[in-house]
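What follows is a single structure, written as structure tokens, with notes after it.
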Amino acid sequence: MSVIQVPEILIGAGGDSEEMKNTLNVMVGPRSYSRLAGSTAPELPSGWSFNVFTQEFYDVIKSDPRFGATVLDLKALEAAKQISYIGGYQNTGYFLNKFVPRQSDVRTGGGALELNYSQNSPIIRLADTYLMEAEALGGTGARAQALLDAVRARVGLPSVPVSLAAIKAERRLELAGEGHRFFDLVRWGDAATVLASRGFKSGKNEIFPIPKRNSC
């Protein structure tokens, strides 16, 4: 069965209020970032240094063709004396390149600049729908194989036999940094194992707590 193309859905620009555009950019941007003399590193606005990738994830994705679009390796640029920045909490030097702000994303209108970057953020992507359908099919059959192949072929990767394990691995790399990983691990029943070092407790942390106080 052929795979049908559908548009991706984005959320982003709109309005002139204090916070009506993208705040993710400033959260994942490097803190106090600057290029050193003669540097060929990208020009970036400074951010808050949240949500850096772990060394373990870096090791998994470093040979994948999606690496450059996913990870901004400031660790290597700093070692090469191209840039300087202040490492934030749990800094690894591996930043979320999909959403690290660029100078072209900086808002020039009113409102708080750090809360109104103009970069769009996807709320659902075509690759996500393909992999969800392949998973719903149990990770078997010609349709599931075609869906997995379509995601991999987009970045020049060869076909691999479809399975739930292959789909899990593909979602981790394709959707890295887009807010799916925790919910995927919970749905698969893998969270207690994968997130054990983060203090995840089975039967408790699958759901978010209800706040004691309503701030609305």
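Having 3 or more residues that are buried (at least 18 other Cβ atoms within 10 Å of the Cβ) is the bar; report the strands (runs of 3 or more DSSP E) wholly within the stretch 61-147 that clear it.
On the way: elements: 71-73, 83-86, 94-96, 121-124.
Answer list for the stretch 61-147: 71-73, 94-96.
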**OP:** Enumerate the pairs (first residue in the stretch 94-111 and in the same structural domain as Leu77 (by TED's automatic domain parsing) and within 20 Å of Glu78 (Cβ to Cβ); second residue anywhere and among the hydroxyl-bearing types (Ser, Thr, Tyr) and in a helix (DSSP H, G or I)) with beta-carbon separation below 7 Å, excluding pairs fewer than 6 apart on the same chain, so at least 6 apart or on different chains.
**Re:** Tyr94/Tyr58; Asn97/Thr70
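How many residues does the stretch 46-59 contain that are out of contact with any helix residue (DSSP H, G or I) (no Cβ under 6 Å at 6 or more places or on another chain) and surrounded by 16 or more Cβ atoms within 10 Å (Cβ to Cβ)?
6
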Subject >> Residue count for the stretch 27-60, restricted to those that are part of a helix (DSSP H, G or I) and modelled with pLDDT of 95 or more >> reply: 6
Subject >> Test: residue in the stretch 79-90 that is over 30 Å from Ser32 (Cα atoms), of a type outside the set (Phe, Trp, Tyr) and at pLDDT 95 or above >> reply: no
Subject >> Subset of the stretch 163-201 (residues that are modelled with pLDDT of 95 or more, surrounded by fewer than 12 Cβ atoms within 10 Å (Cβ to Cβ) and assigned to a loop (DSSP other than H, G, I, E, B)) >> reply: Gly189
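The values are calculated or read from the model by the stated rules, or taken from the named source; none is laboratory data. These figures come from a predicted structure and were not determined experimentally. As a convention, Cβ positions derive from the backbone with ideal geometry for all residues, glycine included, and neighbour counts pool all protein chains shown.
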